[in-house]
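See below for the structure under consideration.
The values are calculated or read from the model by the stated rules, or taken from the named source; none is laboratory data. Given the structure is predicted, the values throughout are model-derived calculations rather than measurements. Heads up, the Cβs are rebuilt from the backbone with ideal geometry, glycines too, and the neighbour counts pull from every protein chain shown. Protein only, heavy atoms only, side chains kept; ligands, DNA and RNA dropped before computing areas. Shrake-Rupley method; radii C 1.70, N 1.55, O 1.52, S 1.80 Å.
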Protein chains: 2
Amino acid sequence: MNIHKFVMPEVIFGNGAIEQVGESCLRLGATNVLIVSDPGVIEAGWLDVAVKSCKQANLKYTIFHDVTINPKDIEVEKGCKVYIENECDAIIGIGGGSPLDVAKAIAILVTNGGKIHDYEGVDKIRNPLPPQVMIPTTAGSGSEVSQFSVIVDTLGQKKMTIISKSLIPDIAIIDPETLSTKSARLTASTGLDVLTHGIESYVSLAATPLTDVQAKNAISLVSEYLRPSVASKINKEAKTHMAMASLQAGLAFSNAILGAVHAMSHAVGGKYPVLHGDINSILLPYVMEYNLLATPKKFADIATFLGIDIRGLSYMEAGKKAIEYVKQLSMEIDAPQRLSDIGLEKDEIPHMSVIAFHDACMITNPRDVTVEDIEEIFRRAW
Amino acid sequence: MNIHKFVMPEVIFGNGAIEQVGESCLRLGATNVLIVSDPGVIEAGWLDVAVKSCKQANLKYTIFHDVTINPKDIEVEKGCKVYIENECDAIIGIGGGSPLDVAKAIAILVTNGGKIHDYEGVDKIRNPLPPQVMIPTTAGSGSEVSQFSVIVDTLGQKKMTIISKSLIPDIAIIDPETLSTKSARLTASTGLDVLTHGIESYVSLAATPLTDVQAKNAISLVSEYLRPSVASKINKEAKTHMAMASLQAGLAFSNAILGAVHAMSHAVGGKYPVLHGDINSILLPYVMEYNLLATPKKFADIATFLGIDIRGLSYMEAGKKAIEYVKQLSMEIDAPQRLSDIGLEKDEIPHMSVIAFHDACMITNPRDVTVEDIEEIFRRAW
């Protein structure tokens with residue numbers, strides 16, 4: 001048996017939890033925080049709630065919100081300047097995966113210096129980071145608990161995956177009420193991202209019993225609550241379960257890492273301004289078909305987590321049922337179905353395949369992969 | 001919905017993991033560690049393995065092993081002196097629950113001063129503790145991941161339960177190989193303690209979805225692997241699964257707290273030099289019978305975790321099957337069955353019941369309890 005490692009931040013979960021952000025920063029010794037967010041979160045009113053809590057805790061604060069989807073190296077550099085100019089000593093991230101990943105990337109630079117490109121890959125961070133409190137508002141990225149930050153290299157037109165235990169925030173505050181302002185479209189996209197995290201981490205070469213229990217629960221919760229969550233902004237039960245699914249999928253993939261879906265999705269997301277969850281959900285069934293051979297038993301398990309009755313089926317047959325289910329769910333909630341639908345140019349595939357081949361997430365994919373294999377999967381999903 | 005909090009240490013799990021203790025201390029900035037252990041662990045050879053790893057990491061170290069079962073305030077004070085005299089800056093605990101709880105209690109005193117009695121109850125610790133790395137060798141206490149330390153008040157002849165997030169170690173190192181030196185008797189006792197942790201935390205008033213997944217897995221693993229683990233010292237599969245069960249039960253109860261079994265067990269263990277797991281396993285079915293009314297659905301769930309087919313049964317009927325199963329398992333592995341067998345004097349029951357009533361673990365018991373109710377449960381189990 002290999003030696004398993006499992007790390008997670010302190011988690012505060014529940015409706016109204018966001019009001020604890022000020023006190024949480026105080027506990028970490030913060031006096032002057034940089035709050036990283038984005039315009040959508042500000043418009044939804046969640047930044048105001050966080051700011052109010054910081055004021056009540058007598059914290060100084062500065063807001064930085066120049067963050068776009070698939071966040072970029074230049075945004076990280078800007079945020080880093082703002083942190084230093086305002087002499088901040090802690091960071092809050094509030095929003096979807098983008099503000100959270102930018103917040104973490106800023107945390108790297110302010111104590112480690114250099115450019116964010118220097119930290120691409122695994123375990124490149126040397127100095128401890130400032131205290132970090134993360135508040136996800138999309139039930140998708142899992143960034144609030146993960147050792148990942150994914151930032152676009154603007155010149156290279158690719159996503160850089162940075163993996164380090166230092167990137168695990170100190171405290172993750174998960175408030176299901178923040179999900180009530182999300183559109184059906186975004187709920188579908190981020191929810192399928194959660195499913196992708198659950199499935200990729202469950203079949204990952206680095207999966208352990210500790211990550212399996214989290215992945216299993218996340219997959220089951222998505223299969224039960226993603227549809228009602230897409231259908232209604234105010235279904236509190238569905239929002240709470242999807243927030244929990246996102247958290248558990250985040251704990252799973254932070255410790256088990258991911259696979260080919262994310263490696264390929266990072267390649268596409270580095271160039272196209274498309275929702276990360278959309279690229280993932282398009283690729284997921286095609287990568288599952290490719291990976292099925294590597295671990296039929298685990299794909300059969302996934303079928304049961306999805307609520308499929310697999311009695312009488314072989315592992316391969318059960319795994320195929322799981323793949324059909326994923327395709328069906330994606331169609332039911334109106335997610336895009338093909339890479340051509342989201343604007344990918346077909347002649348980009350060979351180049352994207354090379355980038356995906358070198359992504360850090362490919363290392364734990366359960367089936368061996370060549371550049372040609374990736375091209376073939378891309379073509380099927382195009 | 002209430003707001004849930006969940007905290008755990010970094011976990012390193014696997015055969016040979018103990019060899020990472022030196023490097024783990026280095027990562028926490030330690031230079032000079034106090035190693036808290038007990039004579040049984042030393043005899044089994046595990047202290048030597050830990051010491052070797054510390055030497056390889058060029059750490060200074062001092063060994064303290066004056067620890068007994070149901071560890072005492074006076075042992076904590078002795079260890080505290082040793083820490084200060086040797087100018088230590090970090091603590092390793094290696095052994096069963098006793099050395100681990102003493103190590104944590106020493107950590108409290110060396111940075112917070114006073115007597116260990118000052119910290120009884122919830123959240124009494126003010127100053128941060130020194131770095132703590134814990135290595136359990138019994139697959140029982142869960143102390144390596146919990147926010148608990150339980151120490152005997154020698155004069156008061158009772159156990160003091162200290163609960164604080166500060167008591168969660170920095171790193172927990174769980175090495176299933178350490179279980180290969182345990183007697184069948186100790187394996188049975190600590191394994192039933194794990195079952196008690198799983199069941200009490202699952203029905204606790206403070207249970208959350210995050211603790212439920214851990215409790216569920218722990219209960220299932222015990223039902224499958226405790227018998228083979230008692231039967232064979234060298235069954236590696238059984239040892240690994242019991243180590244995981246202990247870890248997951250520890251994560252569950254650290255965050256969901258416990259109930260009447262532990263409250264009552266602490267009262268008995270404060271006076272009688274009896275294995276904690278034995279007292280728990282005797283009390284467990286009687287407390288389950290008492291608590292069944294409070295949450296029939298959860299007890300029916302527990303029946304399914306134990307592998308019982310509950311089709312066609314009401315929740316109450318299914319819950320009763322779970323109770324029968326627990327009694328049966330305890331008999332099969334030759335655990336003591338009655339409090340009179342372990343020497344409890346019947347006329348102590350009223351006094352013990354008052355102590356149990358005031359134990360911090362009673363707060364989260366799912367059914368209301370009076371001193372008279374506790375007396376009645378004690379009498380049934382006597």
Residue list for the stretch B:255-293, filter: under 19 Å from B:Gly96 (Cα atoms), in contact with a Gly (Cβ under 7 Å, 6 or more places away or on another chain) and assigned to a helix (DSSP H, G or I) = B:His276, B:Gly277, B:Ile279
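Inspect the stretch B:170-184 for any residue being under 18 Å from B:Thr364 (Cβ atoms) and within 13 Å of another protein chain (Cβ to nearest Cβ) and give the result as yes or no. Don't jump to the end; show me each part of the working.
Going through the stretch B:170-184, the residues under 18 Å from B:Thr364 (Cβ atoms) turn out to be none.
No, the conditions are met nowhere in the stretch B:170-184.
Of B:Gly198, B:Gly191, B:Gly140, which residue is open to solvent by less than 10 Å² (accessible area, probe 1.4 Å), over 22 Å from B:Cys25 (Cα atoms) and within 14 Å of another protein chain (Cβ to nearest Cβ)?
Among B:Gly198, B:Gly191, B:Gly140, only B:Gly198 is open to solvent by less than 10 Å² (accessible area, probe 1.4 Å), over 22 Å from B:Cys25 (Cα atoms) and within 14 Å of another protein chain (Cβ to nearest Cβ).
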Residue check, B:Thr111 against (1) surrounded by fewer than 16 Cβ atoms within 10 Å (Cβ to Cβ); (2) part of a loop (DSSP other than H, G, I, E, B), all met but one. Which one?
-> (2)
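Can you give me the number of residues within the stretch B:118-143 that are of a type outside the set (S, T, N, Q) and out of contact with any Gly (no Cβ under 8 Å at 6 or more places or on another chain)?
The initial filter retains those residues of the stretch B:118-143 that are of a type outside the set (S, T, N, Q), namely B:118-126, B:128-131, B:133-136, B:139-140, B:142.
Remaining after also requiring out of contact with any Gly (no Cβ under 8 Å at 6 or more places or on another chain): B:118-126, B:128-130.
Total satisfying the criteria: 12.
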Within the stretch A:255-280, count every residue that is within 30 Å of B:Val11 (Cα to Cα) and open to solvent by 10 Å² or more (accessible area, probe 1.4 Å).
-> 2
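Yes or no, residue by residue, for (1) in contact with a helix residue (DSSP H, G or I) (Cβ under 6 Å, 6 or more places away or on another chain); (2) on the phi > 0 side of the Ramachandran plot; (3) of a type in the set (Lys, Arg):
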| site | (1), (2), (3) |
| --- | --- |
| B:Ala103 | no, no, no |
| B:Ile108 | yes, no, no |
| B:Thr111 | no, no, no |
| B:Lys115 | no, no, yes |
| B:Tyr119 | yes, no, no |
| B:Asn127 | yes, no, no |
| B:Met134 | yes, no, no |
| B:Thr137 | yes, no, no |
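Residues checked against (1) assigned by the TED database to the domain that holds B:Lys271; (2) among the aliphatic types (A, V, I, L, M); (3) not in a helix (DSSP H, G or I):
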site	(1), (2), (3)
B:Thr62	no, no, yes
B:Thr68	no, no, yes
B:Glu77	no, no, no
B:Tyr83	no, no, no
B:Ile94	no, yes, yes
B:Val133	no, yes, yes
B:Thr138	no, no, yes
B:Ser141	no, no, yes
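Can you tell me which residue among B:Lys297, B:Lys320, B:Lys346, B:Lys327 is touching a residue at least 40 places away in the same chain (Cβ under 8 Å), basic (Lys, Arg) and open to solvent by 30 Å² or more (accessible area, probe 1.4 Å)? Show your work before the answer.
On the way: B:Lys297 fails: touching a residue at least 40 places away in the same chain (Cβ under 8 Å); B:Lys320 fails: touching a residue at least 40 places away in the same chain (Cβ under 8 Å); B:Lys346 fails: touching a residue at least 40 places away in the same chain (Cβ under 8 Å).
Sole residue among the options that is touching a residue at least 40 places away in the same chain (Cβ under 8 Å), basic (Lys, Arg) and open to solvent by 30 Å² or more (accessible area, probe 1.4 Å): B:Lys327.
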State yes or no: is A:Asn217 in contact with a Phe, Trp or Tyr (Cβ under 9 Å, 6 or more places away or on another chain), in a helix (DSSP H, G or I), of a type in the set (S, T, N, Q) and open to solvent by less than 40 Å² (accessible area, probe 1.4 Å)?
-> no
Look at B:Ile106 and say whether it is in contact with a Lys or Arg (Cβ under 8 Å, 6 or more places away or on another chain), crowded, with 24+ Cβ neighbours inside 10 Å and assigned by the TED database to the domain that holds B:Cys54.
-> no
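Looking at this structure, is B:Leu283 open to solvent by less than 10 Å² (accessible area, probe 1.4 Å), away from every other protein chain (no Cβ under 14 Å) and within 23 Å of B:Ala360 (Cα to Cα)?
Numbers: open to solvent by less than 10 Å² (accessible area, probe 1.4 Å): yes; away from every other protein chain (no Cβ under 14 Å): yes; within 23 Å of B:Ala360 (Cα to Cα): yes.
For B:Leu283, the condition - open to solvent by less than 10 Å² (accessible area, probe 1.4 Å), away from every other protein chain (no Cβ under 14 Å) and within 23 Å of B:Ala360 (Cα to Cα) - is met.
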Count, please, the residues in the stretch A:1-26 that happen to be under 26 Å from A:Thr211 (Cβ atoms), assigned to a helix (DSSP H, G or I) and more than 7 Å from chain B (Cβ to nearest Cβ).
-> 1
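Are any of the residues in the stretch B:265-272 assigned by the TED database to the domain that holds B:Asn291, within 20 Å of B:Pro169 (Cβ to Cβ) and not small (Gly, Ala, Ser)?
Taking every residue of the stretch B:265-272 in turn, none turns out to be assigned by the TED database to the domain that holds B:Asn291, within 20 Å of B:Pro169 (Cβ to Cβ) and not small (Gly, Ala, Ser).
Name the single residue that is most open to solvent (accessible area, probe 1.4 Å) among those in the stretch A:169-188 being more than 15 Å from A:Ala249 (Cα to Cα) and under 15 Å from the mean Cα position of the chain (by Cα). Walk me through how you get there before you give the answer.
First, pick out the residues of the stretch A:169-188 that are more than 15 Å from A:Ala249 (Cα to Cα): A:169-171, A:173, A:175-188.
Subset that is under 15 Å from the mean Cα position of the chain (by Cα): A:169, A:186-188.
Numbers: A:Pro169: 5, A:Leu186: 53, A:Thr187: 8, A:Ala188: 2 Å².
Only one residue tops the list, namely A:Leu186.
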Does any residue of the stretch A:34-55 turn out to be closer than 26 Å to A:Asn112 by Cα and at pLDDT below 95?
-> yes
How many residues are of a type outside the set (Val, Ile, Thr), touching a helix residue (DSSP H, G or I) at 6+ places or on another chain (Cβ under 8 Å) and over 12 Å from B:Glu144 (Cα atoms) when one looks only at the stretch B:89-98?
-> 1
A:Leu226 passes all but one of the listed conditions (1) more than 12 Å from every other protein chain (Cβ to nearest Cβ); (2) open to solvent by less than 20 Å² (accessible area, probe 1.4 Å); (3) part of a helix (DSSP H, G or I); (4) within 22 Å of A:Ile94 (Cβ to Cβ); the exception is number (4)
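From the list A:Asp89, A:Asp66, A:Asp118, which residue is away from chain B (no Cβ under 14 Å), free of Cβ contacts under 8 Å to residues at least 12 places away in the same chain, more than 24 Å from A:Gly191 (Cα to Cα) and among the acidic types (Asp, Glu)? Spell out how you get there, then give the answer.
Working: A:Asp89 fails: free of Cβ contacts under 8 Å to residues at least 12 places away in the same chain; A:Asp66 fails: free of Cβ contacts under 8 Å to residues at least 12 places away in the same chain.
Testing whether each residue is away from chain B (no Cβ under 14 Å), free of Cβ contacts under 8 Å to residues at least 12 places away in the same chain, more than 24 Å from A:Gly191 (Cα to Cα) and among the acidic types (Asp, Glu) leaves just A:Asp118.
B:Lys158 - would you say it is surrounded by fewer than 24 Cβ atoms within 10 Å (Cβ to Cβ) and either over 13 Å from the mean Cα position of the chain (by Cα) or within 14 Å of chain A (Cβ to nearest Cβ) (or both)? I'd like the intermediate steps shown before the answer.
On the way: surrounded by fewer than 24 Cβ atoms within 10 Å (Cβ to Cβ): yes; either over 13 Å from the mean Cα position of the chain (by Cα) or within 14 Å of chain A (Cβ to nearest Cβ) (or both): yes.
Yes; evaluated as a whole, the condition is true for this residue.
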Of all the residues that make up the stretch A:192-214, how many are out of contact with any strand residue (DSSP E or B) (no Cβ under 8 Å at 6 or more places or on another chain) and either in a helix (DSSP H, G or I) or free of Cβ contacts under 8 Å to residues at least 24 places away in the same chain (or both)?
-> 15
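Take B:Leu313 and tell me if it is within 22 Å of the chain's Cα centre (by Cα) and either surrounded by 13 or more Cβ atoms within 10 Å (Cβ to Cβ) or among the β-branched types (Val, Ile, Thr) (or both).
Working: within 22 Å of the chain's Cα centre (by Cα): no; either surrounded by 13 or more Cβ atoms within 10 Å (Cβ to Cβ) or among the β-branched types (Val, Ile, Thr) (or both): yes.
So B:Leu313 does not fit the description; no.
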Search result, residues across the stretch A:208-223 that are closer than 18 Å to A:Thr304 by Cα and within 13 Å of chain B (Cβ to nearest Cβ) = A:Pro209, A:Thr211, A:Asp212, A:Val213, A:Gln214, A:Ala215, A:Lys216, A:Asn217, A:Ala218, A:Ile219, A:Ser220, A:Leu221
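Tell me, which helices (runs of 4 or more DSSP H) lie completely within the stretch A:305-382 with 1 or more residues that are modelled with pLDDT of 95 or more and closer than 15 Å to A:Ser281 by Cα? Give the steps one after another, and end with the answer.
Working: elements: A:315-332, A:349-357, A:371-381.
Because the criterion is at least 1 residues that are modelled with pLDDT of 95 or more and closer than 15 Å to A:Ser281 by Cα, the helices (runs of 4 or more DSSP H) in the stretch A:305-382 that meet it are A:315-332, A:371-381.
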Determine which single condition A:Cys88 fails, assuming it passes every other condition in (1) hydrophobic (A, V, I, L, M, F, W, C); (2) in a helix (DSSP H, G or I); (3) within 22 Å of A:Ile171 (Cβ to Cβ).
-> (2)
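Can you tell me which residue within the stretch B:27-58, out of those that are within 14 Å of chain A (Cβ to nearest Cβ) and farther than 23 Å from B:Ser254 by Cα, is surrounded by the most Cβ atoms within 10 Å (Cβ to Cβ)?
Going through the stretch B:27-58, the residues within 14 Å of chain A (Cβ to nearest Cβ) turn out to be B:27-29, B:53.
Checking the rest, the ones that are also farther than 23 Å from B:Ser254 by Cα come to B:27, B:29, B:53.
Values: B:Arg27: 16, B:Gly29: 11, B:Ser53: 20.
The residue in question is B:Ser53.
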